[in-house]
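Reading through the structure tokens given below for one structure.
The values are calculated or read from the model by the stated rules, or taken from the named source; none is laboratory data. Note that this is a predicted model, so its numbers are computed, not measured. Virtual Cβ from ideal backbone geometry, glycine too; neighbours counted across all protein chains shown. Accessible surface is based on the protein model in full, side chains and every heavy atom, while ligands, DNA and RNA are left aside. Shrake-Rupley method; radii C 1.70, N 1.55, O 1.52, S 1.80 Å.
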Amino acid sequence: MGESRVVVVGGTGFYGRYVVADLLRRPRVRVTVVARHAPPRNAFPADRVDWAIADRGDVIELSRIVEDSAAGRTAAVVHCAGPFQSIDRADSDPLGPLRAALAAGVPYIDICEDRAFRRNAVALAESAKAPVLTGASVVPGMQALLVADLARGLDGVHSIRCAAAPDTRRHRGPAMFEAMLHGAGLRFTAPRAGVPTVVHGWSEPEWVTFPPPIGRRLVHQVYEMADLDVLPELFRAATVSFKAGSEFTVLNRALGAFAAVRARTGLPRHAHHWTPVVRGASWLAGRAGDEAGGFMVSVTGERGGRTVTRSVGMTALEHGGRIPSLLAGIAVERLLAGGLDGSGVVPLDSWLSPAELHTALVERGVRLWRGSDEG
């Protein structure tokens, strides 16, 4: 049996590197990493990695890479080149990898978390001849699978509350900070008690207790993400929130204050100009930071006339920032095993069973915790 070839667009980015490393766990997988610039030397110390230079919006070049018969048939295209936000240039096409995959009839997976990107991807993939799994990240992919498990047996779901505690030790790229600053103070609608309510990015501060060793952390509502569409649609939840915060409370409060001022005044208009300053401050803080990261989901619903809350949490003690990248590697693994077939957009809540997700996460060094007020 020969090697399976996977094309990873944006494979040199923060999450892309984790996806590539995950794929290389399988001995018969060969990865073609697509990046805009020549990769650093020894970026991946493996003889099963090939390189190609292309922009994510260059559909012609991406199609050539995907269809390159000399490298063997492509088993999947994985899109990790973000951040997919409206900060993209007008002449940029974040859907380029999907267009190339559709043209070649090749399965497609992305780690998109952005609301607008997923809407456009779903519309574009209506005529797909292979599986299209968009949103294979914490938001909304991991959320949908975990909520489907937690909501099992409930008569209805009232609220879904999710929180992330990213590690601060590993330094992120400028794109993530630019997206974060772009979203700070940005107004959007989110479901609150069944009513579309205007909120803004990095608002609604709340203290959340994560499984050990993370503990209590101050988190804020993040910006406009795909869970705001997906979770109400799948589970009819009246309230949906996704919040995040670093281990440094003072930085969380500072970002929240910046967002509040920007939501009220609209200033500064070009928040991305602060990216180097914020990224530098994050790097300095990270020298004293923790490497552990975590994620939690709580579902409140009704069962037999009684209100109940069920929760699940996970922690990665090493490389905690890799949690958003895990689902993409799991999806490729399932695809290669023949468990992800068909055509068109894959439903986010049903392509993997709770037991399969649990096993895949534990194999990747993730600890899981579960609780309920039912006893």
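Descriptive notes on the structure:
- Answer residue from segment 41-69, given it is over 23 Å from A103 (Cβ atoms) and either without any contact (Cβ under 8 Å) to a residue 24 or more places away in the chain or touching a Gly at 6+ places or on another chain (Cβ under 6 Å) (or both) and is least open to solvent (accessible area, probe 1.4 Å) among those: A46
- Test: residue in segment 273-286 that is surrounded by 22 or more Cβ atoms within 10 Å (Cβ to Cβ) and either part of a helix (DSSP H, G or I) or in contact with a strand residue (DSSP E or B) (Cβ under 9 Å, 6 or more places away or on another chain) (or both): no
- Pairing each residue of segment 251-262 that is open to solvent by 50 Å² or more (accessible area, probe 1.4 Å) with any residue that is assigned to a helix (DSSP H, G or I) and not charged (D, E, K, R), provided the two are 6+ apart or on different chains, yields C-beta distances under 7 Å for L251/A285.
- Listing of strands (runs of 3 or more DSSP E) fully contained in segment 1-71 that carry 1 or more residues being within 21 Å of A337 (Cβ to Cβ): 4-9, 29-35
Residue by residue, here is whether (1) in contact with a strand residue (DSSP E or B) (Cβ under 6 Å, 6 or more places away or on another chain); (2) at pLDDT below 95 holds:
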position	(1), (2)
A38	no, yes
F44	no, yes
V49	yes, yes
D58	no, yes
D91	no, yes
L102	no, no
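- None of D341, D290 is loosely packed, with under 14 Cβ neighbours inside 10 Å and of a type outside the set (K, R) except D341.
- Whichever residue in segment 121-143 is part of a helix (DSSP H, G or I) and over 23 Å from F14 (Cβ atoms) and, among such residues, is least open to solvent (accessible area, probe 1.4 Å): A125
- Among residues of segment 25-40 that are closer than 15 Å to A328 by Cβ and open to solvent by less than 10 Å² (accessible area, probe 1.4 Å), those with a Cβ under 9 angstrom from a residue that is hydrophobic (A, V, I, L, M, F, W, C) and assigned to a loop (DSSP other than H, G, I, E, B), sequence gap 6+ or separate chain, pair up as V31/L24; V31/F44; V31/A46; V33/A43; V33/F44; V34/A54; V34/A81.
Residues checked against (1) among the hydroxyl-bearing types (S, T, Y); (2) closer than 16 Å to M142 by Cα; (3) under 17 Å from the mean Cα position of the chain (by Cα):
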residue	(1), (2), (3)
D229	no, yes, yes
P232	no, yes, no
P268	no, no, no
H272	no, no, no
R287	no, no, no
V297	no, yes, yes
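- Considering segment 163-248, the qualifying strands (runs of 3 or more DSSP E), each wholly inside and each with 2 or more residues that are open to solvent by 30 Å² or more (accessible area, probe 1.4 Å), run over 187-192, 195-200, 203-210.
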